[in-house]
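The values are calculated or read from the model by the stated rules, or taken from the named source; none is laboratory data. None of these values were measured; they are calculated from a predicted model. Here the Cβ is made from the backbone with ideal geometry for all residues, glycine too, and neighbour counts use every protein chain on show.
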């Protein structure tokens, strides 16, 4: 009977450490993930707008995309951005990486997205 008293304290401590680690990782990763999703939504909107408007050109689209990437602190290499305007469609292709520093591990997310819209 004497050995049973207080036996659950180690389990509680382990769960508290795991919860603290999960909260730490979530506070580092969730904002970066939201920024990337916001950036991809913005790129999709810009490509759609470029497809609908004949006045909105490649230079303006790319300038806006790079400006938004800088605003959201997303590293975007100009060499990995491709823009194609054909008769019936507009395509924007992005390949980029986002690094999340967890202090004990650098987590790198690789993205390779293509945004296409048909011109009217």
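The figures follow:
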quantity: Selection count where residues are surrounded by 10 or more Cβ atoms within 10 Å (Cβ to Cβ) and either without any contact (Cβ under 8 Å) to a residue 40 or more places away in the chain or part of a strand (DSSP E or B) (or both), scope region 89-111; calculated: 16
quantity: Qualifying residue in region 92-112 (condition: modelled with pLDDT under 90 and farther than 21 Å from residue 33 by Cα); calculated: no
quantity: Residue list for region 41-66, filter: surrounded by fewer than 17 Cβ atoms within 10 Å (Cβ to Cβ), in contact with a strand residue (DSSP E or B) (Cβ under 6 Å, 6 or more places away or on another chain) and in contact (Cβ under 8 Å) with a residue 40 or more places away in the chain; calculated: 44, 48
quantity: Subset tally (residues that are over 28 Å from residue 24 (Cα atoms) and exposed (fewer than 15 other Cβ atoms within 10 Å of the Cβ)) for region 71-84; calculated: 6
quantity: Complete set of residues in region 64-80 that are over 16 Å from residue 38 (Cα atoms) and either at pLDDT 95 or above or in a loop (DSSP other than H, G, I, E, B) (or both); calculated: 77
quantity: Tally of residues being surrounded by 15 or more Cβ atoms within 10 Å (Cβ to Cβ) and out of contact with any strand residue (DSSP E or B) (no Cβ under 7 Å at 6 or more places or on another chain) across region 31-40; calculated: 2
